[in-house]
Each structure stands twice: as C-alpha cells, then as structure tokens.
Amino acid sequence: MNWEVIGIWLGALLSLSLYSFLYKDNPFYKFAEHLFVGMSAGYWVIYTIMNVLVPNWWQNMVPPSGGFQPIWIIPGVLGLFMLFRLIPKLSSYSRLSLALIVGTGAGLSMTAMLQTNALAQVHGTIISLGAGGGWFDWVSNIIMVTGVVCGLVYFFFSKPHEGVMGGAANIGITLLMVAFGASFGYTVMARISLLIGQTQFLLFDWLPTMGINL
Amino acid sequence: MAKFIEKLGTVDRRVIFLLMALAVILPLAFRMNLPIPIEEGPSKDLYDAIEALPPGSRVLLSFDYDPSTMPELQPMAVALAQHLMTKDIKIVSMALWPMGVSLGNEALTMVGDSLGREEYVDWVNLGYKTGGGVLIVRMGSNIQTVFPNDYDGNPIADMPVMEGVNKLGDFDMIISLSAGDPGIPAWVMMAGDRFNIPIGGGCTAVSAPQFYPYLGTGQMVGLLGGLKGAADYETMVRLEEDDAAPGTATPGMAAQSVAHLVIMLFIIIGNIAYLSTRQKKGGLR
Amino acid sequence: MMKTLVVLSLLLTAGGALAQGGEGLIECFTAQDAPNDAGGGIDLVWTLSLDAVPPDSIVLERKDGDGGWHSIAALAPLSGRKTDNELENGVEYSYRLVPYYGGIAQEPSAEVSAVPGKQWIHSGRVGMLVILTLICIIIMYFIEQGKRGKELFIRRIAGLTAVEDAVGRATEMGRPVLYIPGIMDMDDIQTIASMVILGRVAARTAEYGSPLVVPTCRSVVMSVAQEVVKASYIQAGRPDAFIKENISYLTDDQFGYAAGVDGIMVRERPAAIFMLGTFYAESLILAETGRSVGAIQIAGTAMPSQIPFFVAACDYTLIGEELFAASAYLSKEPKLLGSLRGQDVAKLFFMVVITLGVIAATVGEAWEPAARVAEFLRTITNVE
Amino acid sequence: MRLAIPLTITFVAGMIMILQFFVPATQSLGESLQEWYMIVASFAIFLGAMNLITVHVHKIRFRAKNWKYSPVTIAGFAAMVLTGLFMGIETGRPFDFMFTTMMVPMGATMFSLLAFFVASAAFRAFRASNWRATLLLASAFIVMLGRVPIGSMIWNRIPLVSEWIMQVPNLAGQRAVMIGAAMGMVATSLRMIFGIERSYLGGTD
C-alpha cells in the first residue's frame, strides 16, 4: 500500500459514489456531493489567495524587492468593501466595488461582443453567392445567407411575426432547429469521450490494484 | 409485440444508463479496434497549416484545460507536440487554466524526451497566470512583463527558445487547446483579431460547432474537435512518423463508435414506439 | 515571401555563392512607428536580396545616446521583421542590421531611424467605432421614446408567458421554486440579465408565497441575488417572507456546483426550475436531473453550444437574445421595451448590410462598381 | 442620491474599457483597471466561503434535513484551506494530493455523467412529432453518424453530408444566434454603463 494506490482508491470510490446517483439519490452520493462542494470551495479560496491576491495585489503593493506602492491600496480597499456586506450597517459600501466589477465587465464585453460575435460574423456572411463556382455552392451559399437573415428576423421582438415577417421568422426558427440538432449530435461524441476517460481510469488504473488485469 | 414496442417508448431511463455503461465498458475491456479514415476538414487544415511552417518557426501552445477534459485534449497535446517537435518548430507553452500547466508539461516532457528535444532550447513552459483575455492583450505588448519567469521560476529572458520572442506578434502561430472559458474565443478575439496571428486550436467535441464560424471567416486556421479530432491528428502524425509513440485517442474511438450506435438505436426505437402509439390514437399529434 | 524562400533554398543547395555584407544583402530596410499602439514601439522591416546566400543570423543593433551601437536582438535569418518595444516616445532611434556568417560579423546595413509615438485612434477600428456609435444612438433614442410614453409592442415569448404558470404551480404543490443564475460572475452580461429576471421572478414568488431557492456559483452573484430578491420582496410588501439563507453560495467549481445543485433538486423537489444565464457543460446535468424530479423547466442562455441541450431537456427555452428580452417582457417597463426596439433596428441594420453586401458581391463578379461596394462593406465590418 | 457614486464608478469604468479599445494611447489605463477589477472580484471569494460555512453550521445547529452531511462539507473545506495555507500548495503536498486524487476524479465523474444524460435526453426529445422536430432529429442523426467510422461504412458520403450540415445550416444558425445575442449584450451593457439598468445594485431608484 503506498500513496499512489491510496490516491487511486480515493478517486475510484468517490467516482463510484457519484455514479450511484444515476440509480437514485443515496447516502453515498450525498456524502461525495457534500465533500465535493466543501473541498472545491476550499480549493478556490486557496487558489484565489495564492494566484491572484498574493501575486497581483500584495506583491504589487509591497514588492519583494522592497518599497511600497500606495496606489494598490485602492483596489485593496474596494475589495474589503466587498466584504462589508457581512456587516449590515456598512453593507452599502459594497456597491462601490460591485459598480467597478459591473462597469469593467460591461465595457469590456460591449466591444468584444460587437467585434467578435456581431461584426466578424456579418463580415463572414458578406460573400458572393457564386463563391465556389458549382451549382451546389450556389445552393449552399443561398441557404447560408438566407439562414442568417431569417434567423435574425426570428429575433425581432417589436413586430408581430405575421405575413412576410412571420414566414421569414419561420424559416429562421426551422434553421435554428437544424443547427441545434447538428450541435447536439456533434456533442454526443465528446460526452462519451469523457465517460471513456473515466472508465479507462476505473478499468486500467483501479482494477489492477486488486489484481484484476483486463 | 405492439405493446412491447409501446413500452419501449417509455422505458425507465436507468435502462438506458445501464446499456450506455455496457456500450463503453465492453469495447474497452475487450480492446476492440476500428480503423480511422482521414478526410479533408478542420483537422487536416490544422495539420497542413503546421506542415507549412518552416523549421525554426515559433509556436505558442496554450493549455487551456484541466483534467476533466483530459480524455479529449491530452491526446491532442501529445500529437501536436510530436508534430511540432519533429518539424523542429520551437514551442513556447503556457496555460490560461491553472491545471493546464502540469498537463502541458507532462505532454511536452514526454514527447521532448522521446525525440531528444531540450527544455529551454526547443521548448519552454511559461506556466499559468490568471486574467484570460486581459492577460492575452497584455502579452500582445510584452510577454516578459506578464511572464518574467517560466513555471519553475527560471527567468525567461536568457532562454534560447525565447530569443526574438518579445510579444505575441513574434509567434508564427498560436494553438489553444481549449476546454471552455478562457480559451479559443479569447485567443481569437484578443490575439488573432488584434495582432493578426494565425490561430489554431483543439477543443472538446461539444464546443467545436461554436468555433465553426471562426473557421469560416478565417479567424482560425484549423481545429481539432474532440476525440475524433485527436484520433485524426494522431493518425496523420503517425502516417508521417512510423516510430511515433502510439496515441491514446485511437483505442477510445472504438468504444465511442459502439456507444454512438447504442444512442442512435435508442433514437430509432423511441421513434418506432412513438409512431406506433400515434397511429393507435388515430394520427393525432 | 514564398518566392524568396524558394529561391533562397535553391541557392543554398547550389552552394558556392559568397558571403555578403549588409549593404548588398539587406534590401528595403525601413523603420517606422509601430501603428495602433500606446507608444514605445518601432516596426523594422527588411527583405534579403535574392542573389545572396542568407546569413546564419542577423543581429539588430540600436544606436544609444552615447552614439555607440548596441545589439538588441539576434534574429533568425529569414525573420524579416521585428518590433522594438519599450522605447521612449518622441525620441529618434536609429537601427542597423549586422549579418553573421559562421559567427563572423559582416558589414552592417544602412542606418534607418524612426520616432515612436502613441496613437489616439486605432486605424483598424474606425469602422467599428462608427457602427458602435450608431447602434448606441439608435438604442438610446428608442429608450427615450419609450420613456416619453410611446406605445411599444412586444411579441409573445413562449418561455416567458410560462413564468406565471410555473410559479403558480409551485405554490399549488407547496414546493419551492429553484433559480439557477449560471456559473459566471457579475462581469458577465448574461449573469446581469439573469439578475434582472430574478428580480421579476422574485416578485411573483413573493406574491404567491412559494419559497425561492437560489444556489450560486460565485460569491458576488450571491450577494447581488440577495439584494435583488430582497428588494422585490420589499416592493411586494412581503419583507417577512424573504429568507436570506435560501440564496446561498456553493462553490466556484463548475462540477462541484453541478453536484450540489443536483442534490438540491432531488431533495427539495422544486416544482419549477429556472436556468437563466451563462452555462457550460453543466447545462444538461442540471436540466436532466431537473426533468427527472418532474419540475417545469424554463431555461435560457446565449451560449450557442448549450442551447440544444436546454431545447432537448426543458419545457421552454429562451434562445440567445430572448434571454436579454426577458426583463423587458416581464416588466413591460417602457425604457426596456424601447431598448428592445432599438436592438431590433440595430439587427435590421446588420440585415441590410448583409443583404446589400451579398448582392453587391454577387453582382460584383461581373460588374466592377458593385464589387467596390461589397469591398467597402467588408472593410467597415472588419475589425483589427 | 446614494446610488450616484456607484453609478458614476460604473460609468467611468465602462467608458475606460470602451475607450482603451479604440484609443491605443489609453491601453495602459485599461490594463490597470482590469487588474484592479480582478483583485476586487477576488476578495469576494471570502464572502462566499463565509456563507457556505454559516449555512452548514446553521443546518447542524437546527438539525435540518440531511444535517448529518454538513460536517462533511465543513471538513472538506477546512482540510483544503488549512493544508493549503500551512503546508503549501506545491506538487506532492497534501493540498495537491487531495486535489488530484479526490477533486479531479469527482469533477471528471460529474462531467462524464453527461454521457448518460445525453443518451436519455436524445431518446426522449428526438421524436418525429412534427416536421420541424423531424428536421432536428435528422440533422442530429446524420451528424452523429458522420462522427464515427461506421458512418462512412454505411455510405461513404455521410461524413461529407455531416460536414456540410455543420458548415452551412449550422453555421448560419450559430451566426444568427451570435449576432442577435451580441445586440442584446451591447444594449444591456449600454444600459448598465449609463445607469438605466441599476437593479443589480439592489434597492429601488
């Protein structure tokens, strides 16, 4: 018995406990679930301290090479404000920190989303219908462009989906369904891969510790 | 018989779970093997893009995943490292996910040792820093300020592999093995779109469809999707290099195929059952 | 470039050519301020003469204040470009290249110089700036219109008409309502949208009196959710019914969170489950478990890869932008309806750009002026 | 007026982030802001941890349903935090050992549950109940076939058809979703930055 074997057993028993959920909720699952939640919460606390707060804040404010950078007090104070939520009287200070988080996030995603999810996609859709040359390319290109335009019509909210709009929206949602089906089908494989990975662990790492070699 | 079919349509989902488990366990336990044909597609595109790089080029390999997606992404890491190192391309690796560092190291050391490539000369692992997209943007202006040291704490400034690499723009290609956020989208948005560096990638099969738009617009040069992509790449690398170490993706594909068939069988059974009930009810919806 | 390489490799195999100094070897060596940066960068570009043997390496040298040359980088012979960073803005810097053959320095190239500076506008993003400004003006205009009381229509969104029923059903069955705001933090716009919807859902549960359970994956989301729900309960005149403990943090870990929420589902047996926000792989783990406990499920996300799973496992799914329309739909607040109208006009703008662009590109294959229109549209939608 | 200061902070922070995208000269400002934001957001983790512990202590004290499992959560949390703080997080230390031998397999197991759920969801949801559902079913089926070697054994064009579905209708659908959602996000961001949407701050106007 060494640490490696103990590790394999811990992993295998916890995995099997979680798999038992597929049959129904049971004490093994409850145990593993509660342990998982607790351990991972603890992990992220340590992780945040060691990987963000120490290197990106503390070591900037008090560099190991000496000196003191007062500017870094500000994010520290805003961070502490976040914790003021625990003290009802002071909890409204946490809004200042929240405002910074939300504002930065909003500004950053506004440009990033517009660039990558909107403009780049529009740019990619501006193609010649004849691109590719063959009749089949024509068909594909027409489906592509109509699909994007009709899909967008489906997302119109301020006009009722009637008449031409309704027709286009209908084409749009139909196409979205095809896309969702495809996406689902494509994914199935990935999900199975994960199960394969875990099964390999149980079959080829865990069983051998009991002398069972497949 | 008809009643039996109807019953199948409402079968307890635990029966499905059991059959799925068997579909994966049996082929693995009995080591079933199926051949893999290579077709044109995003996997081949990535392979060709790397083939086109001259020896001595520099590629940034980012390990943006953790052990939960290892079955799919780790074989890619190994196959890519194998391809890049055989072609004498320098690899600078890093991770946007904390756990990616050790996984990447595992792959690079293993392949590097088998091909006689040296750490710090032919490859280096810069390690992990938090920040995702922000981090990438900062690397765009200067890598050293973001990663003064590699994962082991050695200053990168004097490493031969980092010679002439000061910012992202100095790389000939960036490849992200990505399990989610931050990952490929961050690289495409913050590095590819901003600094015009070709971006390649590998991802779980689930996220692959969402990156197809990037392939269509040329924002990405190629993509490995899931175990299939990994198995494709393994096969392509092995066609070139007979003595390359056998990969782990190929055996898994057999279990994959059987499990797929089982799911498809379920869908067919479900529909037969559904249609027969519907007919009985007089074709009502 | 390709051609240069081919010729070079031909020469290499032929061998025999003489090593050459920088003057004849390096052609078109230029230096200029690196574009679109915050300053401090100079781009250096050169090509190697086709008639010469490429050197083993090239060393880039910079002239310092004292007038001496200092090596700043050793480059691969075919690299052809280099950006020198961290320079002082407004100071002139001079550079030269020194080719090396077999470790022996040759005659340096001609000297070039440039002055680094910062740019006040990113030249590759002007098109986007114009479009963004336009979109913002449109949206703000319609928000104003809404505020002024202009009657605004909103189409039916199936998933949202069901909110009332779902909460009502939970009350009848005496079971809780479970609200899952996704796994991302407050800087994610979908999480923000989810918090706004949570406020509306909380208003309903306050009214109906069924408990509202919100497990979160992020601490900040937890504290925002507490604020939002509390505000809704106060507004509904039921501050006594607000239970802070029901809005709790589990763990930042994606699958730890999924395991915890699955546990809550099978033990609390909620009658209605809302899953609105940013979801990744945990989407189906949650949705299938929710389904197995017989809850009405209303899901919504803008993550293209997760929508299919919600569609397959939930009763109602808000697809993409519908998630962002939800707060307007549920509140019928004029300014939000106005914003929605503005979004529609923005989409219309993109549809027109696409349609025009495609027509122009297609016609452009035969008729030059149309091709120029298509090219223009491609340029403004291209962002560097 | 107590919302005025937070709303100003949101506005300024949002504007800086937009500005630094278009004005290269302000990039360093944006970078510092993001660094700050990361620090502030990180502090909040203690808030969550406190909440988790309080909730479970509460459960134990009042003997709530399943309270017997609450000590497990607390013990797991304490084990990670204490070993991490006092014994280091390097490879080989208890923290790392527990992470790799317990947390990692548990995460992988939860993730792999999806294989089962995908099967049951497909079985139940993919019924040819109307023509639109039939299309969904058909495209899923073909793509699934195209992803495994057996597909090309049935008909050698299946991988091509599957690739076509992914590249044309799927791409069009994804693009429509992306463009639409981007508009929703731009509008929501705009409302946040200009303080039109403020319910996230809690309280009413």
Helix B:100-115 sits off the longest principal axis of the Cα atoms of chain B, rounded to the nearest 10 on a 0 to 90 degree scale, by 70
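Could you put C:F242, A:F136 in order of accessible surface area, largest first, with the 1.4 Å probe and the full protein assembly present?
Details: C:F242 40, A:F136 95 Å².
Heavy-atom accessible area, descending, gives A:F136, C:F242.
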Whole-Å distance, taken between Cα centres, linking the range D:104-181 and the range C:222-274: 33
Ranking B:G218, D:N170, B:L265 by how far each Cα lies towards the positive end of the charge dipole of the protein assembly as shown (+1 on Lys and Arg Cβ, -1 on Asp and Glu Cβ), the top one is B:L265
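Hey, got the average number of other protein chain Cβ atoms within 10 angstrom for residues in C:182-191? Show your work: numbers first, answer last.
Numbers: counts 0, 2, 2, 5, 7, 14, 6, 16, 5, 3.
The mean count of partner-chain Cβ atoms within 10 Å per residue comes to 6.
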Given a cut-off of 27 Å, name the pairs among A:K89/D:K68; A:K89/C:K244; B:K44/B:K87 whose C-alpha atoms lie farther apart than that in the structure shown. A:K89/D:K68
Classify the protein assembly as shown as rounded, prolate or oblate from the Cα gyration tensor: take a ≥ b ≥ c as the square roots of its eigenvalues, call it rounded if a/c is under 1.5, otherwise prolate when a/b beats b/c and oblate if not. rounded
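Given N residues in the range A:50-113, what is its alpha carbon radius of gyration divided by 2.2 N^0.38 Å? Numbers along the way, then the final one.
Working: Rg = 14.4 Å, N = 64, 2.2 N^0.38 = 10.7 Å.
That ratio works out to 1.35.
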Over the C-alpha atoms of chain D, what are the Rg and the largest Cα-to-Cα span, Dmax, in Å? 25.6, 71
Could I have the simple spin-label model distance between C:I137 and C:R81, label points 7 Å from Cα toward Cβ, reported in nm to one decimal? 3.5
Inter-label distance for D:E90 and C:E333, nm, one decimal - labels placed 7 Å from Cα along Cα-to-Cβ: 5.3
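May I ask for the accessible area buried between chains B and A, both sides summed, probe 1.4 Å, to the nearest 100 Å²? Kindly include the intermediate steps, with their values, before the conclusion.
Values: alone 14320 and 16550 Å², together 27780 Å².
Summed over both sides, the interface buries about 3100 Å².
Tell me: how much accessible area in total is hidden between D and A, 1.4 Å probe, Å², nearest 100? Walk me through the numbers on the way to the answer.
Values: alone 16470 and 16550 Å², together 23240 Å².
Chains D and A together bury roughly 9800 Å² of accessible area.
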Under the 7 Å Cα-to-Cβ spin-label approximation, B:K7 and D:W67 lie apart by a distance in nanometres of 4.6
A student applying the Cα gyration tensor rule (rounded when a/c is under 1.5; otherwise prolate if a/b is larger than b/c, oblate if not) would label the range A:62-172 oblate
How big a patch of accessible area, both sides summed and in Å² to the nearest 100, lies buried between D and C at a 1.4 Å probe? 5200
Leaving out ligands and nucleic acids, and using a 1.4 Å probe, what accessible area per residue does chain B come to in Å²? 37
Take every DSSP beta bridge whose two residues both sit in the range B:42-247, then give the antiparallel share in percent to the nearest 5. 5
Arrange the peptides C:316-328, A:41-53 so that the one whose residues have, on average, the most other Cβ atoms within 10 Å appears first. C:316-328, A:41-53
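Evaluate the relative contact order of chain C (contact order divided by residue number), counting alpha-carbon pairs under 8 angstrom at least 6 apart; express in whole percent. Don't jump to the answer; show the numbers that get you there.
On the way: 704 pairs, mean separation 57.9, N = 384.
The normalised contact order for chain C reaches 15 percent.
Average partner chain C-beta neighbours within 10 Å, per residue of C:282-289?
Numbers: counts 4, 3, 11, 7, 1, 2, 10, 4.
That works out to 5 on average.
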Along the range D:153-158, Karplus-curve 3J(HN,Hα) (6.51, -1.76, 1.60; θ = phi - 60°) to the nearest Hz, with x for Gly and Pro, reads 6, 5, 8, 5, 8, 4
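By how many nm would the segment from C:D66 to C:R267 grow when fully extended, if each residue of separation counts as 0.36 nm and the alpha-carbon distance is taken off?
Extra length available between C:D66 and C:R267 comes to 64.7 nm.
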When the accessible area of each residue in the range C:336-351 is compared between its chain alone and the complete protein assembly (1.4 Å probe; ligands, DNA and RNA ignored), which residues differ by at least 30 Å², being lower in the assembly? C:L336, C:R341, C:Q343, C:D344, C:K347, C:F350, C:M351
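Per Stokes-Einstein, at 4 °C and 1.567 mPa s, what whole-number D in µm² s⁻¹ belongs to chain C, with the Kirkwood radius over Cα pairs as the hydrodynamic radius? Present the calculation step by step, with values, prior to reporting the outcome.
Details: Rh = 26.3 Å.
After rounding, the answer is 49 µm²/s.
For peptide A:85-98, what's the mean number of Cβ atoms from other chains within 10 Å of each residue's Cβ? The partial results should precede the final answer.
Numbers: counts 11, 6, 0, 0, 0, 0, 4, 7, 2, 9, 14, 6, 9, 14.
Averaged over the peptide's residues, the number is 6.
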Name the residues of the range C:251-274 whose accessible area, probed at 1.4 Å, falls by at least 10 Å² once all protein chains are in place instead of their chain on its own? C:T251, C:D252, C:D253, C:F255, C:G256, C:A259, C:G260, C:D262, C:V266, C:R267
Any idea what diffusion coefficient the range B:1-78 gets from Stokes-Einstein, in µm²/s, Kirkwood Rh on alpha carbon pairs, 20 °C, 1.002 mPa s? 121
Accessible area per residue of chain D at 1.4 Å probe, in Å²? 36
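Taking all pairs of different Cα atoms in the range C:162-256, averaging 1/r and flipping that mean, what Kirkwood radius in angstroms comes out? Write down the numbers at each step before the final one.
Numbers: mean 1/r = 0.0752 Å⁻¹.
Computed over Cα pairs of the range C:162-256, the Kirkwood hydrodynamic radius comes out at 13.3 Å.
Say R0 is 56 Å: what FRET efficiency, to the nearest 0.05, do D:S129 and A:L207 get from their beta-carbon distance?
According to the calculation, E is roughly 0.80.
Can you send over the carbon and sulfur percentage of the accessible area for the protein assembly as shown, probe radius 1.4 Å, protein chains only?
C and S fraction of accessible area: 62 percent.
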Going by the alpha-carbon gyration tensor, a ≥ b ≥ c the square roots of its eigenvalues, is the range A:129-214 rounded (a/c under 1.5) or, if a/c is not under 1.5, prolate (a/b greater than b/c) versus oblate? oblate
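Please list the equivalent ellipsoid semi-axes of the range C:152-332, computed as the square roots of five times the alpha-carbon gyration tensor eigenvalues, in descending order and whole angstrom.
Working: eigenvalues 83, 71, 56 Å².
Over the Cα atoms of the range C:152-332, the semi-axes work out to 20, 19, 17 Å.
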Set of lysines with alpha-carbon distance to B:K167 below 18 Å, sequence-local pairs under 8 removed: B:K90, B:K129, C:K82, C:K118
Under a straight-distance cross-link criterion of Cα-Cα below 21 Å, which lysines are reachable from C:K335, leaving out those fewer than 8 residues away in the same chain? A:K159, C:K147, C:K150, C:K347
Which ³J(HN,Hα) values in Hz, rounded to whole numbers, follow from the phi angles of the range C:329-334 under the Karplus curve 6.51 cos²θ - 1.76 cosθ + 1.60, where θ = phi - 60° and Gly and Pro get x? 5, 6, 8, 6, 5, x
Residues whose placed amide H lies under 5 Å from that of B:L61, excluding near-sequence neighbours: B:V92, B:S93, B:M94, B:I175
Using Cα positions and a limit of under 18 Å, work out the aspartates and glutamates in reach of C:K230, with same-chain residues fewer than 8 apart set aside. C:E207, C:D240, C:E245, D:E197, D:D205
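Would you mind getting me the FRET efficiency between A:A131 and C:V352? Use the beta-carbon distance for r and R0 = 25 Å, nearest 0.05. All intermediate terms of the calculation are to be shown ahead of the outcome.
Working: r = 21 Å, r/R0 = 0.82.
Efficiency computed from Cβ-Cβ geometry: 0.75.
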FRET efficiency, 1/(1 + (r/R0)^6) with R0 41 Å, evaluated for C:S49 and B:D48 via beta carbons: 0.85
Run a plain Debye calculation on the range D:54-96 (Cα atoms as equal point scatterers, no solvent) and give log10 I(q)/I(0) at q = 0.22 Å⁻¹, rounded to two decimals, same order as the q list. -0.67
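The values are calculated or read from the model by the stated rules, or taken from the named source; none is laboratory data. Quantities reported herein were computed from a predicted structural model and do not represent experimental measurements. All Cβ positions, even for glycine, are placed from backbone atoms using ideal geometry, and neighbour counts span all protein chains on display. What goes into the accessible areas is simple: the full protein's heavy atoms, side chains included, and nothing from ligands, DNA or RNA. Shrake-Rupley method; radii C 1.70, N 1.55, O 1.52, S 1.80 Å.
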